[in-house]
Amino acid sequence: MLRLFSSLAIFVFASANSFAQTPARVMSGYAATSGPHAVLWIARDAGLFEKNGLRVEVAFIRSGSTMAQTLVSGEIQMSQMGGPAMLSAGVAGMDVTFVAVALNTTPIVIMGNVSKMEELKGKAIGVTRYGSNTDISARFAIQKAGLQPEKDVALIQLEEYANILGGMQSGRVAAGSLADPFTEAAKKLGFKEIADIAKMGLEFPFVGIAAKKSYIKDHPDTVQRFVRAYVEAIAIYKNNRELTMKITSKYTGIKDPAILASTVDFYAPKLQRVPEATVGGLKFVLEQVGVRDPRAKNYAPESFMDNRFVKQLEDSGFIKALYPKG
């Protein structure tokens with residue numbers, strides 16, 4: 001009997017130990033193939049999720065609005081996406097929030113065959129989807145030029161950055177709302193820089209990790225480990241140029257070393273070491289969402305930011321240790 005009990009105890013201990021070591025499975029995804037989305041690609045390709053006890057599958061879900069629908073449906077648990085799509089879902093009543101924001105400004109540059117925004121009157125700008133990062137950035141630039149979106153300048157949905165560039169080449173649109181590496185590609189094709197939105201000092205949650213509040217409540221440890229891997233990936237992006245270029249090339253299909261180097265050099269200093277969502281950034285996007293959805297005025301920016309996971313990493317000294325050179 002004692003031998004049987006001992007054998008049973010060993011089996012139970014081994015089973016429990018095996019269960020404890022089983023990586024938590026998480027479905028994740030990204031909504032665009034632009035430079036800052038490489039943070040998620042790095043986390044996967046550099047083995048950071050496995051290092052943090054996760055088995056993460058990463059899918060490309062075309063456009064932020066589609067990504068938001070996929071997140072809300074539960075098909076994806078941790079989504080890398082922009083503020084406009086996430087907040088549009090939030091003001092529609094979905095229980096979504098940011099747990100990290102890697103890029104808190106917009107890298108969008110309006111490129112085209114004219115020299116200034118005013119010359120786009122009566123013409124069209126290509127964006128990915130209405131309500132997306134590219135769309136809100138383009139509308140911001142149009143308004144700054146004293147024009148009215150849709151009335152003075154048409155906005156055409158073209159789904160992806162590559163399609164926007166193609167639309168510019170074919171003449172379907174006179175300009176495009178682009179981010180590196182596609183901005184550099186447009187320059188090589190002879191298009192001009194019309195407006196650099198980041199230089200306007202705009203605070204904007206362009207790329208971050210969103211999750212459902214209910215998922216966070218039920219799986220706080222999984223979320224913490226995911227955010228830890230994500231923070232490590234930001235450090236690699238900022239500190240390991242060659243690896244970041246290699247991974248960016250893999251996912252964007254761009255092979256030109258000069259374009260890849262320019263892309264990494266553009267984003268690396270802009271990525272936040274401490275990737276917290278900010279009230280100012282979310283407030284701006286809520287105002288833009290409110291143009292189409294009046295329900296946005298009923299929400300405070302704080303409703304869509306959960307910085308406790310990033311804060312834990314900062315308070316523990318984990319983030320500081322990723323940057324030993326200061």
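The values are calculated or read from the model by the stated rules, or taken from the named source; none is laboratory data. Keep in mind that this is a model prediction, so the values were computed, not measured. Cβ atoms come from the backbone with ideal geometry, glycine included; neighbour counts cover every protein chain shown. With ligands, DNA and RNA removed, areas are computed over all heavy atoms of the protein, side chains included. Shrake-Rupley method; radii C 1.70, N 1.55, O 1.52, S 1.80 Å.
Can you say whether K212 is among the charged types (D, E, K, R), open to solvent by 30 Å² or more (accessible area, probe 1.4 Å) and more than 20 Å from P84 (Cβ to Cβ), as far as the supplied structure shows? When the stated conditions are applied, K212 does not pass them.
The lone criterion from (1) closer than 30 Å to R308 by Cβ; (2) of a type in the set (A, V, I, L, M, F, W, C); (3) in contact with a Gly (Cβ under 8 Å, 6 or more places away or on another chain); (4) at pLDDT 95 or above left unmet by I216 is number (3). Among the residues of the stretch 285-300, those that are within 19 Å of the chain's Cα centre (by Cα) and either aliphatic (A, V, I, L, M) or surrounded by fewer than 20 Cβ atoms within 10 Å (Cβ to Cβ) (or both) comprise V285, L286, V289. E242 meets all of the listed conditions (1) touching a residue at least 24 places away in the same chain (Cβ under 8 Å); (2) open to solvent by 20 Å² or more (accessible area, probe 1.4 Å) but one, namely (1).
Quick one: would you say Q169 is open to solvent by 30 Å² or more (accessible area, probe 1.4 Å) and touching a Phe, Trp or Tyr at 6+ places or on another chain (Cβ under 8 Å)?
no
Considering the stretch 301-326, the residues that are open to solvent by 80 Å² or more (accessible area, probe 1.4 Å) and either modelled with pLDDT of 95 or more or touching a Cys at 6+ places or on another chain (Cβ under 6 Å) (or both) include one that is nearest to P220 (Cα to Cα), namely R308.
Note on the stretch 185-209: residues that are farther than 30 Å from Q169 by Cβ and either buried (at least 23 other Cβ atoms within 10 Å of the Cβ) or at pLDDT 90 or above (or both) amount to 3.
For every residue, the table says whether it meets (1) at pLDDT 95 or above; (2) of a type in the set (D, E, K, R).
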position: I42; (1), (2): yes, no
position: D45; (1), (2): yes, yes
position: L48; (1), (2): yes, no
position: A59; (1), (2): no, no
position: M67; (1), (2): no, no
position: M78; (1), (2): yes, no
position: M81; (1), (2): no, no
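For the structure I just gave you, tell me whether Y267 is aromatic (F, W, Y), surrounded by 22 or more Cβ atoms within 10 Å (Cβ to Cβ) and in contact (Cβ under 8 Å) with a residue 24 or more places away in the chain. So Y267 fits the description; yes. Scanning the stretch 257-274 turns up at least one residue that is at pLDDT 90 or above, part of a strand (DSSP E or B), under 25 Å from A85 (Cα atoms) and not β-branched (V, I, T).
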